[in-house]
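Accompanying notes for the structure given below.
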Amino acid sequence: MISRVLDPLYQKESYPILKELLMDISKNALENQEKPEYYMFSVFDVKNVKWVRNPITTLDELREWLRELSKNPSKYRGVQITTEDILSTKIKWVDDKSDAEELITLRQLHYGDRYEDSYQYFKEPENLKRYKEAVNNCNVE
């Protein structure tokens, strides 16, 4: 499983780092062909001052993002790529105010309940397929 946080995009050598990451991810995908690997891709868009997050990203979609990053390195910062399997890891969470314990996922810890709820819905193949088709038909920049 792969989990990396990258922030090399203001360095001259950012392209080789992205290329190495893509090779690692591709190797991992080849080793685990029986089950498709999905990734959470997150990056800060410096120009538009916002986080761009793409849950349940396929390897091909991830390659496209990495190509975009290598073409426009000054536009992005704070690249985060984590497998959805890692984000599904459960941890014990203790609420500071009530001392109540509960199990939450790393996805909830890092990105909030909204992303957890979306993942639970879109991990179903039919729901994910409809979503990807809708995104591909959309002309939003």
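FYI, it's all coordinate maths here, none of it is from the lab. These numbers were taken from a predicted model, which means no experiment stands behind them. Neighbour counts are summed over all protein chains in view; Cβ atoms, including those assigned to glycine, are modelled from backbone coordinates with ideal geometry.
If R0 is 22 Å, the Cβ-Cβ spacing of residue 137 and residue 67 corresponds to a FRET efficiency of close to 0.50. As a calculated quantity, the FRET efficiency between residue 46 and residue 109 at R0 = 25 Å, using C-beta atoms, amounts to about 0.50. In order along segment 118-130, the phi-based Karplus estimate (6.51 cos²θ - 1.76 cosθ + 1.60, θ = phi - 60°) of 3J(HN,Hα) comes to 5, 4, 4, 6, 7, 6, 6, x, 5, 5, 5, 4, 4 Hz; Gly and Pro are listed as x. Whole-Hz Karplus values for segment 70-79 come out as 6, 7, 10, x, 7, 7, 10, 8, x, 5 Hz, taken residue by residue from phi with 6.51 cos²θ - 1.76 cosθ + 1.60 and θ = phi - 60°; glycine and proline positions read x. Footprinting exposure proxy ranking of 62, 109, 103, fewest other C-beta atoms within 10 angstrom first, gives 103, 109, 62.
Please work out the FRET efficiency for the pair residue 53 and residue 102, using the Cβ-Cβ distance as r and a Förster radius of 22 Å; give the result to the nearest 0.05.
Details: r = 24 Å, r/R0 = 1.07.
After rounding, the FRET efficiency stands at 0.40.
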